[in-house]
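Here the structure is laid out as structure tokens; the discussion comes afterwards.
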Amino acid sequence: QKPQPLEMAWGFWFPPPEDPPLLQRHLRLMAECGVTTFAFENWDAEVTPEGSVTLHTAKMDAALDAALTAGLTGPFLIGVGLGEFSGSGPECSPEWKSNYQKAIKLFSRYMAKKNVPFTAMIFDEPRESNIRPCNRNREQMLTYLDLVDRAAPELRTMINPMTDKVSKEHPEGFYTIFAEKFDIVMPHFWARSSNIIARTRQPGGAELWSY
């Protein structure tokens, strides 16, 4: 009996253009080339003067609706690491943590109504140096994960470490713990990720995607 082909999702990082015709042309071309998904961060939140949290999802709505119309099927990788947002307070302060969890709860409810396959990506490529606005270090990633898990445990969380980050202090890898904490890990498939890949294949390990 012939082996059945694996289900594959093909995609890349894609900042959706705000111009609707241009967005539609991009997505039609992507679908024609076999792309089925993309990763993006296209929503925001703010704390109102009354102290409540509200979401801004118009750009994400436009991107997801256009993607589905073009034939992309997902699952879409949607960034949920907001960092500081309007009125939230300093990142990782008690005020910010409370507001961030409120935003995540709203995001989860919004996506449930949207009924689109997706996974919640907590920032991009953990790193301890040369950190860009889209990155966070190990401690920060785990802090975000804890907040997301407590605010919306129904969300499937994903992280994409480039390596295990093996050292004398961490012979099994500084980032291998991610395979025990996140629902999905998506490392580079090379020798420098061998420990985290191996950990996903042990009991309790995360689902493994390739990057």
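The values are calculated or read from the model by the stated rules, or taken from the named source; none is laboratory data. In this text the structure is predicted, and so the values were computed from the model without any measurement. Positions of Cβ are backbone-derived with ideal geometry, glycine not excepted, and every protein chain shown enters the neighbour counts. Only protein heavy atoms, including side chains, enter the accessible area calculation; ligands, DNA and RNA are left aside. Shrake-Rupley method; radii C 1.70, N 1.55, O 1.52, S 1.80 Å.
Multiply the residue gap between residue 191 and residue 50 by 0.36 nm, knock off their C-alpha separation, and tell me the result in nm, one decimal place.
45.6 nm
Taking only C-alpha pairs under 8 Å that are 6+ residues apart, what is the relative contact order of the range 125-184 in percent?
29 percent.
Would you mind getting the accessible area per residue of the range 1-141, heavy atoms of the protein chains only, 1.4 Å probe, in Å²?
Here the per-residue accessible area is 56 Å².
Using semi-axes √(5λ) of the Cα gyration tensor in Å as the read-out, say which of [x] 62, 15, 13; [y] 32, 18, 15; [z] 27, 26, 15 was calculated from these coordinates.
[z]
Just need the relative contact order of the range 20-74 here, percent rounded to a whole number, with Cα pairs under 8 Å and 6+ apart.
The value is 45 percent.
For the range 116-171, just say rounded, prolate or oblate: build the C-alpha gyration tensor, square-root its eigenvalues into a ≥ b ≥ c, call rounded for a/c under 1.5, and beyond that prolate if a/b exceeds b/c, oblate if not.
Since a/c reaches 1.5 and a/b is larger than b/c, the shape of the range 116-171 is classed as prolate.
May I have the pair-distance distribution P(r) for the range 29-121, computed from all Cα-Cα distances with 10 Å bins from 0 and rounded to whole percent?
In whole percents, the pair-distance histogram is 16, 45, 25, 11, 2.
For a quick protection proxy, order the peptides 137-144, 9-16 by their average other-Cβ count within 10 Å, most packed first.
Final packing ranking: 137-144, 9-16.
Tell me, what % of the accessible area of the range 43-130 is carbon and sulfur with a 1.4 angstrom probe?
Accessible surface attributable to carbon and sulfur in the range 43-130 totals 50 percent.
Given the DSSP H assignment, sum -39500 (n - 2.57) over each helix run of at least 4 residues in the chain and divide by its residue total; what's the result at 222 nm in deg cm²/dmol, nearest 500?
-10500 deg cm²/dmol
Return an integer: the convex hull volume of the alpha-carbon atoms of the range 55-107, in Å³ per residue.
Enclosed volume per residue, from the Cα hull, is 77 Å³.
What is the packing order of peptides 81-93, 179-191, taking the mean over residues of other C-beta atoms within 10 Å and listing the highest first?
So the peptides 81-93, 179-191, ranked by packing, come out 179-191, 81-93.
Over the chain, what is the relative contact order in whole percent, taking alpha-carbon pairs under 8 Å and six or more residues apart?
For the chain, the relative contact order is 13 percent.
Which FRET efficiency, nearest 0.05, do residue 177 and residue 154 yield, Cβ-Cβ r, R0 22 Å?
FRET efficiency, residue 177 to residue 154: 0.45.
Averaged per residue, what accessible surface does the range 150-189 expose to a 1.4 Å probe, in Å²?
I get 50 Å² per residue for the range 150-189.
Between residue 19 and residue 201, what is the spin-label point distance in nm, taking each point 7 Å from the Cα along the Cα→C-beta axis?
If labels sit at residue 19 and residue 201, their model points lie 4.8 nm apart.
For the range 69-151, what does the alpha-carbon gyration tensor say about shape, rounded, prolate or oblate, given a ≥ b ≥ c as the root eigenvalues, a/c under 1.5 as rounded, and a/b over b/c as prolate?
Oblate shape, in that a/c is at least 1.5 and b/c is the bigger or equal ratio.
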